[in-house]
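J.: First, the structure itself, so that you have it in front of you.
The values are calculated or read from the model by the stated rules, or taken from the named source; none is laboratory data. Everything numeric here is computed off the predicted structure, so don't read it as measured data. Heads up, the Cβs are rebuilt from the backbone with ideal geometry, glycines too, and the neighbour counts pull from every protein chain shown.
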Amino acid sequence: MSAAESNPTDTSETPLAGLLRQSIAILDGAMGTMIQQRKLTEADFRGQILLEHPQDLQGNNDLLSLTRPDVIEDIHFAYFEAGADLVTTNTFSSTTIAQADYHLEHLVPEINRASAACAIRAARRTEQATAGRRCYVIGGMGPTNRTASMSPDVNRPDYRAITFDQLVAAYLEQARELVAGGVDALMVETIFDTLNAKAALFGLETLFDEIGRRVPVMISVTITDASGRTLSGQTIGAFYNSIRHSRPFSVGVNCALGGKQMRPYIEELAEIAECFVTCHPNAGLPNAFGGYDETPDDMAEILGEFAQAGFVNLVGGCCGSTPDHIRAIAAAVREQATREITPRPVKMQLSGLEALSID
């Protein structure tokens, strides 16, 4: 058994790992929020390549990496300027499963490559502007719009809209293009169904076997409400036990909740995770109009407290956050020590909807 195979965390001494060991790193904020501020039209989403496409495309944000790459690159650059060390590619829905809603499955390889290129150009621009600075690009892999664990039809509880193998194939295709595009790590994010996530992780392992090397794997789950569980029913401890075998570079929580509501789950994760811990909450809970009300100072205060408590290695923002939020968060955690990774006692760790430890 190799060292990597025996180590469940796979936190090898890459430059990115060194960054998170030395200080609390900064992730970017929301992409969709920034795109909405641009007031783009249907013509922007179509560009010149989809003038005759029979379906409306406005709202397919990932497509903008092909049709308005200038917009996407500028958003990434704004986050780097605000202090982000890492940005996530504009690929939340860049799988054949998600793009099927727009009948654009055939463009998935191009969208992923173009999205990686947009983020990498922004990273290089930032590095050129500040001598000695290193910027990283994370390939974002969203949860798709299907769930493998539950039926979408209450009258047919046995029905599934997607199979495990279909999810694996879609995630593998996306990851293959992102890695070929030059990303520094891959993040399986906004996980609401652990079975979907396990399909993604299986796809990544398949890719690593193909290319003969590993890429850091970041995993981020969504706790959907005050129950403290994912949509498919797992607690944070059960979720971690379910994905621990994949030797994640990091594990964290994002989306669905604001930082205040997220605190108990980050605290628990910080206690049990044998890898880096990440946190990028929404800018509060959605208001009656679907907007987000937490100011940059609000988010900075909450995430600054997480940092002071020793919960996190990387922080950023999700829905509703902007470069102003990231700038304030970066200032709030700048002087705080990064979380130390401590070995977990050796025991049998099992998971169903809840975690079970047998010693």
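J.: For residues in the range 35-56 being within 27 Å of the chain's Cα centre (by Cα) and among the hydrophobic types (A, V, I, L, M, F, W, C), which is surrounded by the fewest Cβ atoms within 10 Å (Cβ to Cβ)?
T.: Leu40
J.: Could you list, in sequence order, all residues of the range 223-257 that are touching a residue at least 12 places away in the same chain (Cβ under 8 Å), among the hydroxyl-bearing types (Ser, Thr, Tyr) and over 25 Å from Met348 (Cα atoms)?
T.: Listed by number, the list holds a single entry, Thr224.
J.: When you check Val312 against the structure, is it β-branched (Val, Ile, Thr), assigned to a strand (DSSP E or B) and touching a residue at least 12 places away in the same chain (Cβ under 8 Å), yes or no?
T.: When the stated conditions are applied, Val312 does not pass them.
J.: Continuing with the same structure: Please work out which one of (1) among the small types (Gly, Ala, Ser); (2) more than 18 Å from the chain's Cα centre (by Cα); (3) surrounded by fewer than 20 Cβ atoms within 10 Å (Cβ to Cβ) is the condition Gly32 fails and give its number.
T.: Going through the list (1) among the small types (Gly, Ala, Ser); (2) more than 18 Å from the chain's Cα centre (by Cα); (3) surrounded by fewer than 20 Cβ atoms within 10 Å (Cβ to Cβ), Gly32 breaks only (2).
J.: Has the range 22-35 got at least one residue that is free of Cβ contacts under 8 Å to residues at least 60 places away in the same chain and not polar (S, T, N, Q)?
T.: Yes; the residues of the range 22-35 include at least one that is free of Cβ contacts under 8 Å to residues at least 60 places away in the same chain and not polar (S, T, N, Q).
J.: Would you confirm whether or not the range 45-61 contains a residue that is within 19 Å of Ala180 (Cβ to Cβ), in contact (Cβ under 8 Å) with a residue 12 or more places away in the chain and touching an Asp or Glu at 6+ places or on another chain (Cβ under 6 Å)?
T.: No: the range 45-61 contains no residue that is within 19 Å of Ala180 (Cβ to Cβ), in contact (Cβ under 8 Å) with a residue 12 or more places away in the chain and touching an Asp or Glu at 6+ places or on another chain (Cβ under 6 Å).
J.: In addition: Could you grab the pairs with beta carbons closer than 8 Å, sequence gap of 6+ or different chains, first residue in the range 150-162 and assigned to a loop (DSSP other than H, G, I, E, B), second one loosely packed, with under 10 Cβ neighbours inside 10 Å?
T.: Ser151/Pro157; Ser151/Asp158
J.: In addition: Would you say Glu205 is in a helix (DSSP H, G or I) and either closer than 21 Å to Gly233 by Cα or of a type outside the set (Phe, Trp, Tyr) (or both)?
T.: So Glu205 fits the description; yes.
J.: Hey, among the residues in the range 274-309 that are free of Cβ contacts under 8 Å to residues at least 60 places away in the same chain and under 13 Å from Arg334 (Cα atoms), which one's surrounded by the fewest Cβ atoms within 10 Å (Cβ to Cβ)?
T.: Applying the filter and picking the extreme gives Gln308.
J.: Mind telling me which of the residues Glu301, Glu340 ends up being in a loop (DSSP other than H, G, I, E, B) and on the phi < 0 side of the Ramachandran plot?
T.: Glu340
Each row is one residue, and each column tells you yes or no for (1) more than 19 Å from the chain's Cα centre (by Cα); (2) within 30 Å of Ser149 (Cα to Cα).
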| position | (1), (2) |
| --- | --- |
| Asp293 | yes, no |
| Met299 | no, no |
| Ile302 | yes, no |
| Ala309 | yes, no |
| Ala328 | yes, no |
| Val333 | yes, no |
| Glu340 | yes, no |
| Gln349 | yes, yes |
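J.: Please go through the range 262-293 and pick out each residue that is more than 25 Å from Val188 (Cα to Cα) and in contact with a Leu (Cβ under 9 Å, 6 or more places away or on another chain).
T.: Residue satisfying the conditions is Asp293 alone.
J.: Taking the options Phe92, Phe80, name whichever one is under 25 Å from Gly320 (Cα atoms) and touching a Cys at 6+ places or on another chain (Cβ under 8 Å).
T.: Being under 25 Å from Gly320 (Cα atoms) and touching a Cys at 6+ places or on another chain (Cβ under 8 Å) holds for just one of Phe92, Phe80, which is Phe80.
J.: So, in the range 105-148, of the ones that are in a helix (DSSP H, G or I) and of a type in the set (D, E, K, R), which residue ends up nearest to Thr230 (Cα to Cα)?
T.: Glu105
J.: Same structure again: Being farther than 25 Å from Val168 by Cβ and either modelled with pLDDT under 95 or in contact with a His (Cβ under 7 Å, 6 or more places away or on another chain) (or both) narrows it down to one of Ala270, Ala283, so name that one.
T.: None of the other options fit; the residue is Ala283.
J.: Go through the range 304-359 and report how many residues are touching a Cys at 6+ places or on another chain (Cβ under 7 Å) and not aromatic (Phe, Trp, Tyr).
T.: Counting residues in the range 304-359 that are touching a Cys at 6+ places or on another chain (Cβ under 7 Å) and not aromatic (Phe, Trp, Tyr) gives 5.
J.: Being part of a loop (DSSP other than H, G, I, E, B) and in contact with a strand residue (DSSP E or B) (Cβ under 6 Å, 6 or more places away or on another chain) is the filter here; which residues of the range 164-202 pass it?
T.: Of everything in the range 164-202, those that are part of a loop (DSSP other than H, G, I, E, B) and in contact with a strand residue (DSSP E or B) (Cβ under 6 Å, 6 or more places away or on another chain) turn out to be Val183, Asp184.
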